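Below is one structure, written out as structure tokens; comments come after it.
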Amino acid sequence: MINPNRFGVDLRLLGDLQNQSDRNPGRDLSTVVRDATRLTDLETLAGTLNLQQALLLRMRTRLGELAPLGHPDYGSQLYTLIGELNNDTNRNRAKLFVLQPLQQEPRIKTIQSVVVTQNPSDRTRMDINASLAVIDSDTLLNLVFPFFLEGGPAQ
């Protein structure tokens, strides 16, 4: 059994951990009404949901963007693919750009696989699926998210 505190607790920043895309930046904070008190409070994530959100945020942050805050190696280079073709070469580059930040995450024991495919209905979208073994767990974490090669709002 996973100790939920092993992965930490953080504020919920992303609304959809299953289908979060780079076109939908999420929101600053989420709130929830506590059952015990019926009062509104900031929503938190713990356990593997916290890890999942942390990984999605790392993928969506441009590498070096947080350097002024003391985190020059945080983020990914996925953004460098915006405007490029969705071909084998760029899907392989996307895989590399996903592997690099995953290797920096101390809560990941091993990266089982990263698969990047072209979405069958949108030629500007790459679908990224990472299978990860996390510390203190025998269950794999599947991180699935789309990446769009064209900027703009979600359709």
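The values are calculated or read from the model by the stated rules, or taken from the named source; none is laboratory data. On a predicted model such as this, the values are computed, not experimentally measured, just so you know. Positions of Cβ are backbone-derived with ideal geometry, glycine not excepted, and every protein chain shown enters the neighbour counts. With ligands, DNA and RNA removed, areas are computed over all heavy atoms of the protein, side chains included. Shrake-Rupley method; radii C 1.70, N 1.55, O 1.52, S 1.80 Å.
Summary of values
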{"quantity": "Angle in degrees between helix 88-104 and the longest Cα principal axis of the chain, rounded to the nearest 10", "calculated": "30 degrees"}
{"quantity": "Binned Cα-Cα distance frequencies in the chain - 10 Å width, integer %", "calculated": "10, 36, 36, 15, 3, 0"}
{"quantity": "Three-way shape call for region 63-155 based on the alpha-carbon gyration tensor, with the a/c threshold at 1.5", "calculated": "oblate"}
{"quantity": "Value at 222 nm in deg cm²/dmol, rounded to 500, when DSSP H runs of n ≥ 4 in the chain each add -39,500 (n - 2.57)", "calculated": "-6500 deg cm²/dmol"}
{"quantity": "Normalised contact order of region 51-92, rounded percent, pairs of Cα under 8 Å and 6 or more residues apart", "calculated": "30 percent"}
{"quantity": "Length added when fully stretched, residue 96-residue 136, from 0.36 nm per residue minus Cα-Cα", "calculated": "11.8 nm"}
{"quantity": "Carbon + sulfur, % of accessible area of the chain - ligands and nucleic acids excluded, 1.4 Å", "calculated": "49 percent"}
{"quantity": "Accessible solvent surface per residue of the chain, calculated while the other protein chains remain in place, 1.4 angstrom probe, Å²", "calculated": "58 Å²"}
{"quantity": "C-alpha long axis of helix 47-60 to longest principal axis of the chain, angle in °", "calculated": "40 degrees"}
{"quantity": "Inter-probe distance in nm under a simple model that places probes 7 Å from Cα toward Cβ, at residue 85 and residue 41", "calculated": "5.4 nm"}
